[in-house]
Amino acid sequence: MNYPAFFDQLPVITLYDPLAEFLGASEGGVLEYRYLDAVKLAGHSCPTVAAAWNMSRLALAALYEAELPCRGDIWVELRGRHDEGVTGVVANIVSLLTGAAGEGGFKGLGGRFQRQGLLQFAAAVPRELRFTRLDSGRWVDIACNTSVIPADPVMLQLLQQCLSGAADATVRRRFGELWQARVRCLLLEHGDDPEVFALSIGNRDS
């Protein structure tokens, strides 16, 4: 599989999943996720997929600091409705990384490992997403402002050609390159930029 080289330059998200350990899916329950995993899940790489990936990365790091984040022990609230804009796409990426799921999620084994009901839409949260640790109540609110990274002005013209069917292979390839260049800028150059990824931390009891 050939894909943009910058995918491999992005940080790997390492998690501990007690269910994976219990069922022998990985030694010690340690799982590693790469941006390519999110791309495969979504079927494409775009600013929305990239933002969801990086918001999850930053939130998990803030929630757990030096610890391995515990997949399946995180409650996720999304401000948008499930059918609103790109909320569903964001939720899929977040679910991949946190294990949090809605009504169709895993119901657990013997009262343990439940992921069903850990993903909530239309939540009254101040930012796009809230991640909360179930064990400690520590939470992170986070949002992404992709407008800070403008698209190449040529890209819109190329997009119109591609959608109309008038683009040849060279135009289609150039459009894809410019599209991924914006994703690359978001993740590599602004992945830790507080002007792009706004984050606040608190505790359930505070």
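The chymotrypsin sites (Phe, Trp or Tyr not before Pro) found in the stretch 104-133 that occupy coil by DSSP, while having at most 14 further C-beta atoms within 10 Å, are Phe106. Each other residue within a Cβ distance under 15 Å of Arg182 adds +1 if Lys or Arg and -1 if Asp or Glu, for a net charge of -2. What does a probe at Ala5 reach in the stretch 36-52, counting residues whose amide N is under 19 Å from the point 7 Å along Cα→Cβ? Of the residues in the stretch 36-52, 36 have backbone N under 19 Å from the label point off Ala5.
With a 1.4 Å probe rolled over the protein heavy atoms of all chains, the accessible area of Glu195, Glu77 falls in the order Glu195, Glu77, largest first.
Taken along the Cα-to-beta-carbon direction at a fixed 7 Å, the label points for Leu23 and Arg81 span 3.3 nm.
With a ≥ b ≥ c the root eigenvalues of the C-alpha gyration tensor of the chain, is it rounded (a/c under 1.5), prolate (a/b larger than b/c) or oblate? Since a/c reaches 1.5 and a/b is larger than b/c, the shape of the chain is classed as prolate. Would the stretch 62-105 count as rounded, prolate or oblate if I go by the C-alpha gyration tensor, calling it rounded below 1.5 in a/c and otherwise prolate when a/b exceeds b/c, oblate otherwise? It is prolate, given that a/c is not under 1.5 and a/b is the larger ratio. When the square roots of the Cα gyration tensor eigenvalues are ordered a ≥ b ≥ c, the ratio a/c for the stretch 130-175 is 1.5 or more and a/b exceeds b/c, which makes its shape prolate. For the chain, the relative contact order comes to 21 percent (Cα pairs under 8 Å, sequence separation of at least 6).
Evaluated at q = 0.14 Å⁻¹, a Debye calculation over the C-alpha positions of the stretch 116-194 (equal weights, vacuum) places log10 I(q)/I(0) at -0.69. Pairwise Cα separations in the stretch 8-119 fall into 5 Å bins from 0 onward with the following percentages, short to long: 2, 12, 21, 25, 21, 13, 5, 1, 0.
The values are calculated or read from the model by the stated rules, or taken from the named source; none is laboratory data. Since the model is a prediction, treat every value here as computed from it, not as a measurement. Neighbour counts run over all protein chains shown; Cβ positions are idealised from the backbone, glycine included. SASA here: full protein model, heavy atoms, side chains in, ligands and nucleic acids out. Shrake-Rupley method; radii C 1.70, N 1.55, O 1.52, S 1.80 Å.
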